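Novice: Attaching a single structure in structure tokens format; questions to follow.
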Amino acid sequence: MAAKRRFQTVKGMHDLVGKAPAFAFVEEKVREVFSLYGYDEVRTPVVEETELFVRGVGEASEIVGKQMYTFADKRGRSLTLRPEGTAPVARAYLQNNWASGPQPVKVFYMGPYFRYERPQEGRYRQFHQIGAELIGDPGPYSDVELLVMLLRFLAELGFEDLEVGLNSVGDPDCRQRYSRRLREYLEPHGDDLGADSRRRLETNPLRILDTKAPRERELLEGAPRLRDELGGPARDHFQVVCDELGRFGVDFEIDDRLVRGLDYYTRTVFEITSTALGAQNAILGGGRYDGLIAELGGPSVPGIGFAIGQDRLVDLVLKIPGARQRLNVEDHRRRPVCVIPIGASYRRHGMELAQELRAAGIPAICEFDSLRPLKARLKQAARHDCQWVLLFGEDEEKNGEVVLRDFNDGSQETIPREGFAAAVAAKIRPDEQS
Ligand code: HAM
């Protein structure tokens, strides 16, 4: 008979093996820090109508053009696995009438996102984002506060050497004016442009600015600057953002070529990179989207937000020297006590003892496989990284006690069965006893 085929994760998707505690740690930090700034958590569905992203993120964007997981449901509706979180939050804002509540609306979210991209280190087809959106305030102080919160969050995770790139893509009229000028500048050099950039010259010339091709980069050195095309209000807004960020101690660089890949951006845009990440070096990106809610059929309500690539963030956090200890990643799954019932008829007792330990807040696992020799079972306990083993069999039942063994020094002692969990707690966590 032919062997049955085994399964692998779908290309570009991965199991979070061994990283779940670090993911959880980062998520706790998000809740702690973002809530200090008045943000509430929101969870939107993983699936949305395709049209939401076509209109929200923009037809000319790579995401919509090439990267969406789109499918028809049984009724033929076109649905898409969310490639990003801002359009869904804007939809939720309108659908749940958040405009009638306190303003501005501040929400954060975390979860899986999907893009059909070429997988490589740090780039996946299912990845995770941590995002925040502030909806309802057009002013520059919201931009500043959002960035200050973001940097505080990153500092609390232990990041020191981050590069903050900042730019303004202006209002739609500035962008139109600039696109025209950039097209005029680049058109005579069409032969020096790659196929992608030639296409973008027609659809979205701004995106050519973030090209990685050396020849195109050289060409762009002499190109007109977006900053010079900003109209008065956009220029003033950007000036306040830059001045105030400086005042609040944020180090940043103005990056004229930073335009971002989603079409909804207006005015302030930013990215934070880490050199430790190599080619896929953006940990996060964000910016203002003052036209998005109107584009989705709502009133003209401004917004600003960001999304962090959580997979990349966690990889970096784990690289910070001493991070594992400092972040208590190991401590997250505190080392359990291993209960070993000796003899098949003591398995139920073993289960009861483990339950009593858990009720006292002590993580416990039970080694039920009573047919194996004790030595093999102790070895399993060691592989589970247990320091303490609790043994219980016929003798212990008769004497009304349990045996507690410390793997560290091989010592063991007997403890009365009655109230043993409190005694174990006092023994293994002396500092937590009052
Ligand atoms: P984005 O720049 O497309 O922005 O994505 C934000 C971050 O998600 C990136 O900087 C990167 O760290 C991570 N990321 C994106 N694609 C992948 C991937 N295939 N694999 C791993 N990580 C990835 C947005 O999504 C906007 N919604 C951000 C935003 C919120 N703007 C305003 N509000």
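Novice: For the structure I just gave you, tell me whether Ala323 is modelled with pLDDT of 95 or more and not aromatic (Phe, Trp, Tyr).
Specialist: Numbers: modelled with pLDDT of 95 or more: no; not aromatic (Phe, Trp, Tyr): yes.
So Ala323 fails the test.
Novice: Additional query: Working carefully through the options Glu160, Glu51, Glu59, find the one that is within 30 Å of Phe23 (Cα to Cα) and of a type in the set (D, E, K, R). Walk me through how you get there before you give the answer.
Specialist: On the way: Glu51 fails: within 30 Å of Phe23 (Cα to Cα); Glu59 fails: within 30 Å of Phe23 (Cα to Cα).
Only one candidate qualifies: Glu160.
Novice: Right, here's the next one. Check off (1) more than 12 Å from the ligand (Cβ to nearest atom); (2) open to solvent by 20 Å² or more (accessible area, probe 1.4 Å) for Ala22 and give me the number that stays unchecked.
Specialist: Failing condition for Ala22: (2).
Novice: Identify the residue in the stretch 265-282 that is within 9 Å of the ligand (Cβ to nearest atom) and modelled with pLDDT of 95 or more and, among all such residues, is farthest from the chain's Cα centre (by Cα).
Specialist: Tyr265
Novice: So which of Arg235, Arg207 ends up being under 22 Å from Glu271 (Cβ atoms), open to solvent by 30 Å² or more (accessible area, probe 1.4 Å) and in the same structural domain as Ala60 (by TED's automatic domain parsing)?
Specialist: Working: Arg207 fails: in the same structural domain as Ala60 (by TED's automatic domain parsing).
That would be Arg235, the only listed residue that is under 22 Å from Glu271 (Cβ atoms), open to solvent by 30 Å² or more (accessible area, probe 1.4 Å) and in the same structural domain as Ala60 (by TED's automatic domain parsing).
Novice: Could you pull out the residue among Arg180, Arg200, Arg217 that is modelled with pLDDT under 95, surrounded by 20 or more Cβ atoms within 10 Å (Cβ to Cβ), out of contact with any strand residue (DSSP E or B) (no Cβ under 8 Å at 6 or more places or on another chain) and not assigned by TED's automatic domain parsing to the domain that holds Val269?
Specialist: On the way: Arg180 fails: surrounded by 20 or more Cβ atoms within 10 Å (Cβ to Cβ); Arg217 fails: surrounded by 20 or more Cβ atoms within 10 Å (Cβ to Cβ).
Result: Arg200 is the single residue among Arg180, Arg200, Arg217 that is modelled with pLDDT under 95, surrounded by 20 or more Cβ atoms within 10 Å (Cβ to Cβ), out of contact with any strand residue (DSSP E or B) (no Cβ under 8 Å at 6 or more places or on another chain) and not assigned by TED's automatic domain parsing to the domain that holds Val269.
Novice: Which one of Asp161, Asp192 is touching a residue at least 60 places away in the same chain (Cβ under 8 Å) and farther than 25 Å from Leu230 by Cα?
Specialist: Numbers: Asp192 fails: touching a residue at least 60 places away in the same chain (Cβ under 8 Å).
Within the list Asp161, Asp192, the selection yields Asp161.
Novice: Sort through Gly291, Gly261, Gly286, Gly298 and tell me the only one that's within 9 Å of the ligand (Cβ to nearest atom), in the same structural domain as Pro88 (by TED's automatic domain parsing), modelled with pLDDT of 95 or more and not hydrophobic (A, V, I, L, M, F, W, C). Spell out how you get there, then give the answer.
Specialist: On the way: Gly291 fails: within 9 Å of the ligand (Cβ to nearest atom); Gly261 fails: modelled with pLDDT of 95 or more; Gly298 fails: within 9 Å of the ligand (Cβ to nearest atom).
That would be Gly286, the only listed residue that is within 9 Å of the ligand (Cβ to nearest atom), in the same structural domain as Pro88 (by TED's automatic domain parsing), modelled with pLDDT of 95 or more and not hydrophobic (A, V, I, L, M, F, W, C).
Novice: So Phe34 passes all but one of these: (1) open to solvent by 20 Å² or more (accessible area, probe 1.4 Å); (2) away from the ligand (no atom under 13 Å from the Cβ). Which condition number does it fail?
Specialist: Among (1) open to solvent by 20 Å² or more (accessible area, probe 1.4 Å); (2) away from the ligand (no atom under 13 Å from the Cβ), the lone unmet condition for Phe34 is (1).
Novice: If you don't mind, there's one more thing I want to ask. If we only count strands (runs of 3 or more DSSP E) wholly inside the stretch 62-169, which ones have 3 or more residues that are open to solvent by 60 Å² or more (accessible area, probe 1.4 Å) and more than 15 Å from the ligand (Cβ to nearest atom)? Write out each step before concluding.
Specialist: Working: elements: 69-72, 78-81, 105-114, 126-135, 163-168.
So the answer is 69-72.
The values are calculated or read from the model by the stated rules, or taken from the named source; none is laboratory data. What you see is a predicted model, and the numbers here were worked out from it, not measured in a lab. Every residue, glycine among them, receives a Cβ derived from its backbone with ideal geometry; neighbour counts consider all protein chains shown. Protein only, heavy atoms only, side chains kept; ligands, DNA and RNA dropped before computing areas. Shrake-Rupley method; radii C 1.70, N 1.55, O 1.52, S 1.80 Å.
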